[in-house]
Amino acid sequence: MSVDMNSQASDSNEEDFGVNSEEEEDEDDGGEEEDQVDIASYYEGVASDVEQQGADSFDPEEYLFTCLTYKESQRVLTDEVNTVAAALKVSPAVAKLILVHFHWHVSQILDRCKSNSSLLLSDALVQPSSACRSVTAPQSLQCGVCLQIVRRDALLALPCQHSFCKACWEQHCTVLVKDGMGVGVSCMAQDCSLQMPEDFVLPLLPGEELKDKYRRYLFRDYVESHFQLQLCPGADCPIVIKVQEPRARRVQCSRCSEVFCFKCRQMYHAPTDCATIRKWLTKCADDSETANYISAHTKDCPKCNICIEKNGGCNHMQCSKCKHDFCWMCLGDWKTHGSEYYECSRYKENPDIVNQSQQAQAREALKKYLFYFERWENHNKSLQLEAQTYQRIQEKIQERVMNNLGTWIDWQYLHNAAKLLAKCRYTLQYTYPYAYYMESGPRKKLFEYQQAQLEAEIENLSWKVERADSYERGVVGGEGELSASDRGDLENQMHIAEQRRRTLLKDFHDT
Amino acid sequence: MSGLPRRITKETQRLFQEPVPGIRATPDEANARYFHVVIAGPADSPFEGGTFKLELFLPEEYPMAAPKVRFMTKIYHPNVDKLGRICLDILKDKWSPALQIRTVLLSIQALLSAPNPDDPLANDVAEQWKNDESEAIKTAKKWTARYAKEK
C-alpha cells in the first residue's frame, strides 16, 4: 500500500514539473527578471540549495515591520502630537483627541485644518458644534447631577459650558477610569458627547494609582487607534509593532515571538481574510451546527408539525403523536404510496413540498460544512504530529553531532525541511475556511486546483521528511549515510511545496 | 457604605410630590435604592389597558452608572426579552449622569408606544414585528390581556 502511494506520488510529481514551469512563466510575464534567473538555475541544478531557495523570486508574504519598545512608541506618538498641536494651535491633550478620532492620519488632519478648522474640531468632538452652542453661562448654581446648590467657583465645564460641580466630575471620571476607559470620557450632560482631554481628567482623579491606570489606558487607546501601530497580543507584552501600510500580514514580536496578523491581531490566517476567519472560527466554536444537525436529520410531521427523528430504515412513518401515516421521502400521505414507493423521488418537482427541499438544503449545508471542517481539523492534527517529528529530528541532530556524525551544518537541511513543512501545512489549513466561503465559479475552481496541488506536494514532503527521519535511525545502526540523491530529492520537494504555497498566496491572498 | 446620596433622596421626594402621569415608582421599605415601578400601557398602543410591573435598582455608582431596570410582567415587545431585560440606549452606552429615574421611566413608557424592531433584544419577536406587524400587535394585545390585567 505504502509503496503504491509512493509511486503515485512521484508520478504526480513529474506532472507537476510541467504545470509548475507553466505557472512560473505566467509569473514572469508579470515582469521580474530575477525570477527568470532563479527559475533557470532551479531547472539546471538538482542540487538546489536551501540558501538559494530563500533568495527565490518574490515572496507574497513579505511585509516590513518594526518592533518598538514602550519608550520608542511613546516618542513616535509624541512627535505626531506636537506636529498637530502646533499646526492647530491647541494643547497637546486636545491634539491627542483629534489624532485618535482620525486614527492618527496626520496629513489628513492638516489638510482638513486648512479647509475648515472649526469643523475639524467639532467633528473630533473637542469643540461644541455651532448648532448646540446655545448653552452659555450656567443658568443656576445647582449642579445637574447631585442636585445640590454649590458656589459658582466650584462649577467646572468643558468648552460646551455644561457645568457641574467638581465633586461630580471627579466621581464621573473615577467610575469610568475604574471601568477601563481611557480616551472616550465625555461630558456628563445628556446628549453631549464632547470628549474630555487628559489634562482635564488627570487632576480630577484621586490617587496616583488611578492616575497611572488612566495613563496606561490612554496609551493603549492611542496605539489601538493608530493606523500604523498594533500592540503585541502576547500575554503582558509591551511591544508595539509599527508598519508603513496596515495590511493583513504576518508579523512576529521580537520579544515574545508571538506570531499574528497585523490587522486583526489574531492567529495569522493567509490566504483567508480577517473577517472570514473570524466568521469561520465563530462558526466552529458555537453550536449553530447543532441546529443545523437537527434540521438536517429530522423532519416535521406534515400533519401536526411535531419534530421527528427517523430511527429505523423504513420510510413508512407513523407519527407517534397524531398517528398520521406518511412517507419520509416526500412527506406525502402514505396512502398514495403503493408498491410504487421508490418512485416518490419524482415528487421533488412538486412545489407543494417546500418543506422537504428545505430539509435537503439544510442537509447539504451541513455536509458542506463538515467536509471543510474535517479537513481543517485534520491538518491541524497533522501540524501537531509533525511538531513531534520536528522535536524528534532536533533531538536526533543533537545526538548525531555529539557523536561526531557530521556537524550542525550537515544536518541543517533536515531541520529546515521540517520547519518548511510546518509553514506549508499551516497555510494549507487556512485555505479551507477560504474555500468554504468562496462562491463557486472559475475562481473557486482555480483555487481548488491550486489547493489540491499544494496538498499533494505537502503530503509528499511530509512523507519524505518522515522517511529521512527513519533513515537516520538506520544510520545510528552504523549503515552509511542518507544518500546524496535522497537529500537532493528532499530539497527538491521542499522547493516545489514552497513554490506551490507562494503561488496560491500570490493569487488569492489579499489582492 | 455611606448614607444615601442627597441626589437619590431628592429624586425620590420629587417622584412622590410630582408623579409622572401613568408611572408610579415607590422605594422599597427595606432598601431605598430599590424601586417598585408600575407603568400603565400607553393609549393607542397594543399595551393599552395593561399595567406593567418593573423593578428598578440604583447601583452604588449611581448616578455615574445607569440604573438597572427590568420588566416583571410578561410583555410581548421586540426590545424586551424573556427575562424582562430592556434594550434601551440610555440604560447602556448613552447613559448620562444628568439623566434621572424620572427620565428613564419616561423613556421606557415611550418605548412601549413606539417599539423599535430594528434594535431588538428578543429576536423572534422583532422578526415577527417586521414581517407581520398586525399579527405582532395582535399577539402583544393578547399578552397584555393575559398577563398585565390581573387584579
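The values are calculated or read from the model by the stated rules, or taken from the named source; none is laboratory data. All figures in this text were calculated on a predicted structure; none of them were measured in a lab. Here the Cβ positions follow ideal geometry from the backbone for every residue, glycine too, while neighbour counts run over all protein chains shown. With ligands, DNA and RNA removed, areas are computed over all heavy atoms of the protein, side chains included. Shrake-Rupley method; radii C 1.70, N 1.55, O 1.52, S 1.80 Å.
What number goes with the only condition from (1) of a type outside the set (D, E); (2) assigned to a helix (DSSP H, G or I); (3) open to solvent by 60 Å² or more (accessible area, probe 1.4 Å); (4) modelled with pLDDT of 90 or more that A:H103 does not pass?
Among (1) of a type outside the set (D, E); (2) assigned to a helix (DSSP H, G or I); (3) open to solvent by 60 Å² or more (accessible area, probe 1.4 Å); (4) modelled with pLDDT of 90 or more, A:H103 violates only (2).
Taking the range A:232-279, which residues are assigned to a loop (DSSP other than H, G, I, E, B), among the aliphatic types (A, V, I, L, M) and under 29 Å from A:F447 (Cβ atoms)?
We begin by selecting, within the range A:232-279, every residue assigned to a loop (DSSP other than H, G, I, E, B); these are A:232-239, A:244-249, A:253-258, A:262-273.
Retained after the next criterion (residues that are among the aliphatic types (A, V, I, L, M)): A:235, A:239, A:248, A:267, A:270.
Those that are assigned to a loop (DSSP other than H, G, I, E, B), among the aliphatic types (A, V, I, L, M) and under 29 Å from A:F447 (Cβ atoms): A:A248, A:M267, A:A270.
When only residues in the range A:400-433 that are touching a residue at least 12 places away in the same chain (Cβ under 8 Å) and open to solvent by 50 Å² or more (accessible area, probe 1.4 Å) count, which is farthest from A:Y369 (Cα to Cα)?
A:L405
Just to verify a result, which residue in the range A:188-224, among those that are under 22 Å from B:A66 (Cβ atoms) and small (G, A, S), is least open to solvent (accessible area, probe 1.4 Å)?
So the residue we want is A:A189.
When you go through (1) modelled with pLDDT of 90 or more; (2) not in a loop (DSSP other than H, G, I, E, B) one by one for A:V90, which number turns out not to apply?
Result: A:V90 fails condition (2) only.
Given (1) in contact with a Leu (Cβ under 9 Å, 6 or more places away or on another chain); (2) open to solvent by 40 Å² or more (accessible area, probe 1.4 Å); (3) away from chain B (no Cβ under 11 Å), where does A:V183 come up short, assuming only one miss?
Failing condition for A:V183: (2).
Scan the range A:146-161 for residues that are more than 8 Å from every other protein chain (Cβ to nearest Cβ), of a type outside the set (K, R) and in contact (Cβ under 8 Å) with a residue 12 or more places away in the chain and report the count.
Going residue by residue through the range A:146-161, those that are more than 8 Å from every other protein chain (Cβ to nearest Cβ) are A:149-161.
Next, from what is left, pick out any that are of a type outside the set (K, R): A:149-150, A:153-161.
Filter once more, so that each one left must be in contact (Cβ under 8 Å) with a residue 12 or more places away in the chain: A:150, A:154-161.
So the count comes out to 9.
Residue by residue through the range A:165-180, note down the ones that are more than 8 Å from chain B (Cβ to nearest Cβ) and of a type outside the set (V, I, T).
Scanning the range A:165-180 gives A:C165, A:K166, A:A167, A:W169, A:E170, A:C173, A:K178, A:D179, A:G180.
Scanning for something without any contact (Cβ under 8 Å) to a residue 24 or more places away in the chain, open to solvent by 30 Å² or more (accessible area, probe 1.4 Å) and either within 14 Å of chain B (Cβ to nearest Cβ) or farther than 17 Å from A:C192 by Cα (or both), does the range A:120-138 turn up at least one residue?
No, the range A:120-138 has no match at all.
Please work out which residue is farthest from A:H172 (Cα to Cα), limiting yourself to the range B:54-83 and to residues that are without any contact (Cβ under 8 Å) to a residue 24 or more places away in the chain and surrounded by 15 or more Cβ atoms within 10 Å (Cβ to Cβ).
B:F71
Across the range A:426-445, what is the number of residues that are part of a helix (DSSP H, G or I) and over 29 Å from A:A387 (Cβ atoms)?
The qualifying residues number 4.
How many of the residues in the range A:370-412 are hydroxyl-bearing (S, T, Y) and modelled with pLDDT under 85?
Within the range A:370-412, residues that are hydroxyl-bearing (S, T, Y) and modelled with pLDDT under 85 number 1.
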